[in-house]
Structure formats: structure tokens, C-alpha cells
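J.: Encoded as C-alpha cells, here's the structure I'll be asking about.
The values are calculated or read from the model by the stated rules, or taken from the named source; none is laboratory data. These figures come from a predicted structure and were not determined experimentally. A quick note on method: Cβ atoms are made from the backbone with ideal geometry, for glycine too, and the neighbour counts reach across all protein chains shown. For accessibility, only protein heavy atoms count, side chains too; no ligands or nucleic acids. Shrake-Rupley method; radii C 1.70, N 1.55, O 1.52, S 1.80 Å.
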Amino acid sequence: MTEKTASEKLEEEEIVIEVDEPEPTIEDLPGVGPATAEKLREAGFEVLLAIAAMSPPELSEQAELGEAVSAKIIAGAKKLANIGGFVSGKALLDRRERVQKLTSGTSSLDELLGGGFETQAIVEVYGEFGSGKTQVGHQLAVNTILTENQGGLNGEVFYIDTEDTFRPERIAQMAESVGLDPQAVLDRIHVARAYNSAHQILLVDEIKKMSKNLDVKLIIVDSLTSHFRAEYIGRGMLATRQQKLNRHMKELKQLADIQNAIVLVTNQVQSKPDAMWGDPTRAVGGHIVGHASTFRLYLRKSKGGRRIARLVDSPNLPEGEAVFTVTSEGLQD
Ligand code: GTP
Ligand code: MG
């Protein structure tokens, strides 16, 4: 049988068009002079597609521009931006092939995650106080500095600390136990304390700017939800809170994709005493945070200082559990 199937024939006929023209920039938009361009950049709008996807009131608020001007800019961006939308399965496969995996330092957790924490993904680690979320963050920060042969990503780490629980001495301790120079490790972990949710959101823009000169491979937000939870109280504020959280997570996901990096967010659980079955605790942020995360790990304490991690949501891995411990050296089997 040498007869070709219809799809094979189609494949051979596929024509690849390569475009070599320079990409349009925000300066090419109607009504954008240097001052407006500056405002757009400051608000984090470098990419035309990001502008095209805005509504006039949103852009007006975020970039501090008039609504009429915003509408004109958005209309221009829609024309100029390569909205594309559909890509071939092959292109997606190529992107997937760039995915790297970061070791947790324990074989049980790595196995649960199909070989480690994946880049181009948001991982939500949620659990009660003291369940080990911050410890996981510290360990991944250190391991990111390892070379790829050692299970690391040989890149820079950005740590957004909302609860003032980042401890450089803990990093130093963990660095030593994986054979790295603590000073060199601390040099590559960039930490910012976020004072409120607005500040937390702005810090992501800051990472975006810094990622032009640095090879960002891990971004940690510890905790993702504490400020939002404290600031937006009651039913009336819920919608606004969820909207802000949603946008925040989208920006984080964009960074993960562009940088081929991991985003790790931690989240507390809230008591749900009325739950009739299952675990009477739920992650804060509800559907929004859950949906925006690629992987969700639920941590809980067990006997003898052990920790149990449960993989709750994953696009291509079975649910399951891993057991590990937190010791002075860090995470261990
Ligand atoms: P919240 O932020 O309060 O929600 O908790 P968390 O989930 O971030 O907990 P965290 O990661 O801070 O875990 C704290 C626990 O880790 C402690 O109770 C200890 O059991 C363990 N731990 C932290 N540092 C060390 C250490 O140096 N040695 C040992 N053996 N255990 C440690
Ligand atoms: Mg913590």
C-alpha cells in the first residue's frame, strides 16, 4: 500500500508563510504620542494584544487615560495586533517541548508531579497554617539555582512576600545542604515585601520589567490571597476581589509562559464547618484561583512531622498523594 491518505496529502501541501516585517509597537497606535506611550508602558501595556483585549473603562483606569482616547487606542490595537487565536497542535506541541521540570528535592513529590514542577504553569500550594507551604517555596527557590543536570533551572527567583515570612537564613541552610554557596544563592533570589494587594499586583509588573535583563525561572507569591482576603471583606466586595485576583493570576500566567518559568502561589484554607463530607476546608479564592492554577497541591500535616501532598487538579496527571518531611536540611523523603 503506497496510496497516501487524505490527511497525509494535506500535510504535504501545507504552506508555511514566514513574515519578516518588524512587529508594530504601541507608538504605531493612533493618538499615541510619547507621553501616552510612557503611560501605557508604566501601566504594563507593552504588548498590543494586551491592549486589544481591554475594555475602554479598564484601560482608562489602569493607564490613567481618558475613556475616549482609550477606546481609540484599543480599536487601533485590535487592527494592528496579531490576534491569531488559533495555533496548530504542532505549535502547541513545540511549546510543550520547551517545558522544563524542577526538582522538589524529594522523589515522592517529583513522582507525584510527573518528574517535578513544570514551567509554563501556575502551581497553587494550599493548606492550613504550618502545613509547609512557605517551606516548599523556600526549597524551590534554592533548587531553581541548581543546574539543569542537578534538577534545577539555573535561573533567577522572584519572591513576593506578603506575610513577612521569607527567611534568608533558611535559604542559606537549604543551599548548603544541596552543596551551593549560600551567598551566591541569595544573590539570585530577589525578594519584595508586598504591603497590600495593589502593591502585590504592581510587583508583578516590576518582575516583567526586570525579566528583560534576567533569566527569571521561578516566581513565588506567598501568600497569593492574604491581602485580598483582608482587604475585600463581605459579600458586597466579593465580585471585585475575584476580578482583581483573576487579572492578577492572568498576568502571572503570562509571565510563566513568556519566561518558560514556574509560578508558585500559596493559599490558606478557610474553614467550612458546614461541609457534610470530604475535607471541611476549602482554599481561599474559590473557583477563580482554582481554575487559573495549572496544578493544585493540597498540603496537610501528618504524624511524626510528616507532610502529605495531594495533587488535586492537573491537566494530564492522575490524582495521588506523596509523603515527605521538612527537616533542617529542607524537604526530604
Ligand atoms: P502559614 O504561612 O502560616 O499558612 O503556614 P505554612 O504552610 O507556610 O507553613 P510553613 O511552611 O511556614 O511551615 C512551618 C513548619 O515547617 C514548622 O512548623 C516546622 O514544622 C517546619 N520547619 C520550618 N523550618 C524548619 C527547620 O528549620 N527545621 C525543621 N525540622 N522544620 C522546620
Ligand atoms: Mg507560610
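J.: Quick one: Karplus J couplings for the range 151-163, per residue in order, coefficients 6.51, -1.76, 1.60, θ = phi - 60°, nearest Hz, x for Gly and Pro?
T.: Taking θ as phi minus 60°, the curve returns x, x, 10, 6, x, 8, 10, 10, 10, 9, 9, 9, 10 Hz for the range 151-163.
J.: On to the next question. If you count only protein heavy atoms with a 1.4 Å probe, what accessible area per residue comes out for the range 93-332, rounded to a whole Å²?
T.: Numbers: 11010 Å² over 240 residues.
Each residue of the range 93-332 exposes 46 Å² on average to a 1.4 Å probe.
J.: Return the sequence-ordered ³J(HN,Hα) values of the range 227-243 in whole Hz as given by the Karplus equation 6.51 cos²θ - 1.76 cosθ + 1.60 applied to θ = phi - 60°, using x for Gly and Pro.
T.: Once θ is set to phi - 60°, the couplings for the range 227-243 become 5, 4, 5, 6, 8, 9, 9, x, 4, x, 9, 4, 4, 4, 4, 5, 4 Hz.
J.: Return the FRET efficiency for the residue pair Phe86, Tyr195: r is the Cβ-Cβ distance, R0 is 56 Å, and the value is rounded to the nearest 0.05. The partial results should precede the final answer.
T.: Values: r = 42 Å, r/R0 = 0.74.
Computed FRET efficiency for Phe86 and Tyr195: 0.85.
J.: Further question on the same structure: Given labels modelled 7 Å from the Cα in the Cβ direction, how far is it in nm from Glu27 to Val47?
T.: It is 2.1 nm.
J.: Right, next: Glu329 to Glu231: extension gain in nm, 0.36 nm per residue of separation minus the Cα-Cα distance?
T.: That pair, Glu329 and Glu231, stretches by 31.7 nm at full extension.
J.: With a 1.4 Å probe and all protein chains left in place, how much of the accessible area of the chain comes from carbon and sulfur atoms, in whole percent?
T.: Values: 9500 of 17990 Å².
Roughly 53 percent of what the probe reaches on the chain is carbon or sulfur.
J.: Beyond 32 Å between alpha-carbons counts as too far, so tell me which of Lys78/Lys253; Lys212/Lys301; Lys208/Lys301; Lys39/Lys133; Lys208/Lys303 fall in that bin.
T.: Over 32 Å Cα-Cα: Lys212/Lys301; Lys208/Lys301; Lys39/Lys133; Lys208/Lys303.
J.: Taking the Cα-to-Cβ direction at His287 and at Thr240 and moving 7 Å from each Cα, how far apart do the two end points lie in nm?
T.: For His287 paired with Thr240, the spin-label model returns 2.1 nm.
J.: Is the C-alpha gyration tensor of the range 26-80 telling us rounded, prolate or oblate? Criteria: a/c under 1.5 is rounded; beyond that, a/b larger than b/c is prolate, otherwise oblate.
T.: Numbers: a/c = 1.21, a/b = 1.02, b/c = 1.18.
Taking the square roots of the gyration eigenvalues as a ≥ b ≥ c, the range 26-80 is rounded.
J.: Can you work out the Karplus-derived ³J(HN,Hα) for every residue in the range 138-147? Use 6.51 cos²θ - 1.76 cosθ + 1.60 with θ = phi - 60°, whole Hz, and x for glycine or proline.
T.: Computed from phi, the couplings for the range 138-147 are 4, 5, 5, 4, 5, 5, 4, 6, 4, 6 Hz.
J.: What does the charge count near Phe117 come to, summing +1 for each Lys or Arg and -1 for each Asp or Glu among other residues with Cβ under 9 Å from its Cβ? Provide the component values of the computation, followed by the final result.
T.: Values: positive: Lys101; negative: Asp110, Glu118.
Here the count lands on -1.
J.: Near the amide H of Arg296, under 5 Å away, which other amide H atoms are found, from residues 5 or more places off or on another chain, if H is placed in the peptide plane?
T.: It is Glu124, Val312, Asp313, by chain and number.
J.: Taking DSSP loops as anything outside H, G, I, E and B, show the longest stretch in the chain free of trypsin sites (Lys or Arg not before Pro) there with at most 15 other beta carbons within 10 Å. Spell out each step's value before the answer.
T.: Details: sites that count: Lys4, Arg98, Lys212.
The segment 213-333 is the longest one with no such site.
J.: Could you work out [θ]222 nm for the chain from helices alone, using -39500 (n - 2.57) per DSSP H run of at least four and dividing by all its residues? Round to the nearest 500 deg cm²/dmol. Present the calculation step by step, with values, prior to reporting the outcome.
T.: Values: 14 runs with 140 residues, N = 333.
-12500 deg cm²/dmol, from helical runs alone.
J.: Using a ≥ b ≥ c from the Cα gyration tensor of the range 93-332 (square roots of the eigenvalues), is it rounded, prolate or oblate, where a/c under 1.5 gives rounded and otherwise the larger of a/b and b/c decides, a/b for prolate?
T.: Values: a/c = 1.42, a/b = 1.17, b/c = 1.22.
It is rounded, given that a/c, with a ≥ b ≥ c, falls under 1.5.
J.: Sequence-distant or interchain residues sharing an amide H contact under 5 Å with Ile262, placed H: which?
T.: Long-range HN contacts for Ile262: Gln120, Leu218, Ile219.
J.: Using the basic label-point model (7 angstrom from Cα toward the beta carbon), what is the Asp187 to Arg306 distance in nanometres?
T.: Inter-label distance under the simple model: 4.1 nm.
J.: If packing is taken as the average number of other Cβ atoms within 10 Å across a peptide's residues, how do 151-164, 172-185 rank, most packed first?
T.: Values: 151-164: 20.8, 172-185: 16.2.
Packing order, densest peptide first, comes out as 151-164, 172-185.
J.: Further, regarding this structure: Explain nothing, just the number: dipole magnitude of the range 93-332 about its Cα centre with +1 on each Lys and Arg Cβ and -1 on each Asp and Glu Cβ, in debye rounded to the nearest 20.
T.: Values: 29 positive and 29 negative charges, 147 e Å.
It works out to roughly 700 debye.
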